[in-house]
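For reference, the structure discussed in these notes is given below.
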Amino acid sequence: MTLPGGVSRRDLFMKLGIFVNVVVGAILAVPIVRYLLSPVVRERKGADEAWIPLGNLEQFPSGETRFATYKNPIVNPWDGATADIACWVRNVDGKSFQVFAINCAHLGCPVRWFPQSNLFMCPCHGGAYYQDGSRASGPPERGLFEYSYKIESGKLLIKAGEMPTPGDASNIVREIRPCV
Amino acid sequence: MRLIAAIGEWFDARLQLGATIREIAQHPVPRESASWFYVFGSAAFVIFMLQIVTGIMLAFIYVPSAGEAWNSLQTLNHNVALGWFIRGLHGWGSDFMVAIVLIHMVQVFLFGAYKFPRELTWIIGVFLLLVTLGMAFTGQVLRFDQDAYWGLGIGASIASRVPIAGPAIVNLLLGGPIIAGATLSRFFALHVFVIPGLLIAFVSLHLLMVLKLGINEWPMPGRVVRKATYIKEYHELTKRDGIPFVPDAIWKDMLFAAFILASIAFCALYFGPFGPSGPPDPTIIQTAPKPDYFFLWLYAVLSFLPPSMETPALLIGPVIVILALLLLPIVFGEGEKSWRRRPMAVLIILLSAVSLATLTHLAEHAPWSPVMDAWSGIPIPQEFIAKRSALERQGALVFQAKQCHNCHSLGMQGGKRGPALDAVAVRLTQDQLIRQVIQGGGNMPAYGKNLSPAETTALVAFLETLHPAGQSPARDASRAIALAPDAATPPPAHP
């Protein structure tokens, strides 16, 4: 049977079948894509980052740089040890502090502090930083990532919650120092 | 016997697969292609089968949870009978698979097998290489140890450099703002469902095309591929000089595959499984993360690229390489197949092989990494402090205490990040040494703020002793004159 306009009944149903599936597919794609993108489109920053206590001020003597760890503000029970993040706390002069991310600004390896030479060194590709976090040598293009901090009732708090990466300097208080 | 035949016929009457299988098995291959050079593709396929089987067996025990994965690997290694061996087979199988896929690709490239009509077979082969490397990387992440944790950090740091979308890509990759449970779960899904699915689909297409288009004939210098005539020529060749794949050609594939499987089993037995190294605890920072074997070359590239080149090279380099591989059969779909008439092809392979081997070798030694414990763990060899003055020995102490040894070697010991200092006094004068120590430069940090004048004096005094016997240290000729008032002014006349 052929309808007016030369379209056969079978053709029409075939096209209807395709059309219905395309519509249903498109509707289904919305929640699927939203689900896949959930790590990106969740209400970022506000939710991810929080003020986290690093410990009492007495733990960070004046003029010294000390290792500190904190628990990430958002954790799942199955995160295990990965929920614990390390950082370096520098008590500059008893009043002001600097809190550096553990991740090298080159590719994220853990930097180590050497109090004798006052340098941070990275074991991966040999990046080195001065005690104030600025770049000393090696492949990093900039200084260490630095967390914002505040002091409340004798405790040092930092704003953290996101792994710092060279492409995302949003949680950095210092301006990016160009490589010289 | 008759019963078996009867059962076989019963099934074939319903399945109707017998004729198809016979046709596939007996498809003619050119006599000269039934060669030991044509066994790598089938070997890669057999290793893939091994990876599927051992992977499923590991999944019986492995827990894809950031909190438990490392423990479950320890259980596999120590508490499950032969768990270590299955892990060894899977790990070594992965290394062998990447190696065989690369060798297969080199053979196909040198034998011109990517030319008409097999362009698409090559293009899908490029995708197969990419998913194979994808399996290798995600598999390394599932071995959720220190190297996996910091390797993910490196992956995220590279991904973050993509303009504009970088931070979003990092979050997608990690499944959240940090490397944690969600990260391992999604790499598990990639390694176990997504990439193997792609791999099976690509392998099926790849094999189907090999069957439909026929295996590449042995390339002869002067036998040129032309789109107009090739298919006719190929069919004449297989008709005139073809042999059935089963049994005349397949035995070489079978022998080689068995040899490779035996080699993997030997490596698993003799060398054991890979790791896991330390637990994935980011607060344990006494670690020097390194990627698995087939990504070592990349580790070397990342340390050698100048900072300004790094982001463009990381983001544009892979795109260029993959595009070149994909476009190769489209652009060079006709012409000579034999490597004897394609010097550029041979040179490209040699250059790539030498570069990758050199970079891999360098990465195994990682001369760019400071030796983090050299200052406390590697003493200065005796000959550098024997018969030295008190000041010079004090300088040697400063050299150790200020971690100079982490980056500079003495007597072949210590870091290689900076130049060896065995003969530094021949290269630099006293003033130049002081300047270098205080101001740094040339990839050395400045130590001006970290050394007292006394320490600097002692250190430079020590450095000035570092010259081969019989070779005098560098001297600034003008300095002696400038500093000696006697030489500059005429001696007073004695009364």
Checklist entry - At what distance in angstrom do the alpha carbon centres of segment B:440-473 and segment B:192-242 lie from each other? => result 66 Å
Item to check | Cross-link table B:239/B:337; B:290/B:449; A:150/B:402, entries beyond 30 Å C-alpha to C-alpha | outcome: B:290/B:449; A:150/B:402
Checklist entry - Residues with beta-carbon under 15 Å from that of residue B:289, excluding residue B:289: net charge, scoring Lys, Arg +1 and Asp, Glu -1? => result -2
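Translational diffusion coefficient of the protein assembly as shown at 4 °C, 1.567 mPa s, Stokes-Einstein with Kirkwood Rh over Cα pairs, in µm²/s as a whole number. Intermediate results must be reported in sequence, preceding the final value.
On the way: Rh = 29.9 Å.
In µm²/s, the coefficient rounds to 43.
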Next on the checklist: Please give me, ordered by residue number, the trypsin sites (Lys or Arg not before Pro) of segment B:60-152 that lie in loop per DSSP and have at most 11 other Cβ atoms within 10 Å.
Outcome noted: none
Item to check | At q = 0.21, 0.23 Å⁻¹, base-10 log of I(q)/I(0) for segment A:50-160 (Debye sum, equal scatterers on each alpha carbon) | outcome: -1.13, -1.26
Item to check | Pair residue B:133, residue B:479: separation of 7 Å Cα→Cβ label points (nm) | outcome: 5.1 nm
Checklist entry - From the phi of every residue in segment B:248-263, what ³J(HN,Hα) in whole Hz does the Karplus formula 6.51 cos²θ - 1.76 cosθ + 1.60 yield, where θ is phi - 60° and glycine or proline is x? => result 6, 10, 5, 5, 5, 4, 5, 4, 5, 4, 5, 4, 5, 4, 5, 5
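Grab the other residues whose beta carbon is less than 15 angstrom from that of residue B:115, score K and R as +1, D and E as -1, and report the net. It would help to have the intermediate numbers written out before the result.
On the way: positive: B:118, B:223, B:226, B:227, B:337, B:341, B:342; negative: B:119, B:217, B:233, B:334, B:336.
It works out to a net charge of +2.
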Checklist entry - Can you give the Kirkwood hydrodynamic radius of segment B:374-487 from its Cα pairs, in Å with one decimal? => result 14.5 Å
Checklist entry - How about residue B:212: which aspartates and glutamates have a C-alpha closer than 12 Å to its C-alpha, ignoring those fewer than 8 places off in the same chain? => result B:23
Next on the checklist: Could you tell me how many cubic angstrom of Cα convex hull volume segment B:15-365 has per residue?
Outcome noted: 169 Å³
Checklist entry - Where in segment B:124-138 does the label zone of residue B:327 land, with the point 7 angstrom along Cα→C-beta and an amide N cut-off under 18 Å? => result B:124, B:126-127
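Counting other beta carbons within 10 Å of each residue's own, what order do B:232, B:252 fall into, fewest first?
In order of increasing Cβ crowding within 10 Å: B:232, B:252.
Full extension from residue B:469 to residue B:20: what is 0.36 nm times the residue separation minus their Cα-Cα distance, to one decimal in nm?
That works out to 153.5 nm of additional length.
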Checklist outcome for this item: The answer for the net charge of residues other than residue B:267 whose Cβ lies under 15 angstrom from its Cβ, with Lys and Arg +1 and Asp and Glu -1, is -1
Next on the checklist: Please give the charge dipole size of segment B:374-487, origin at the Cα centre, charges +1 on K and R Cβ atoms and -1 on D and E Cβ atoms. Round to the nearest 20 debye.
Outcome noted: 260 debye
Checklist entry - Within straight cross-link reach of residue A:155, meaning Cα distance under 20 Å, which aspartates and glutamates are found once same-chain residues fewer than 8 apart are removed? => result A:49, A:58, A:64, A:84, A:93, A:146
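Rule-based calculations on the coordinates, nothing more; no lab input. Just so we're clear, the structure is a prediction, and the values are computed from it rather than from any experiment. Note that each Cβ is placed from the backbone with ideal geometry, even for glycine, and that neighbours are counted across all protein chains shown.
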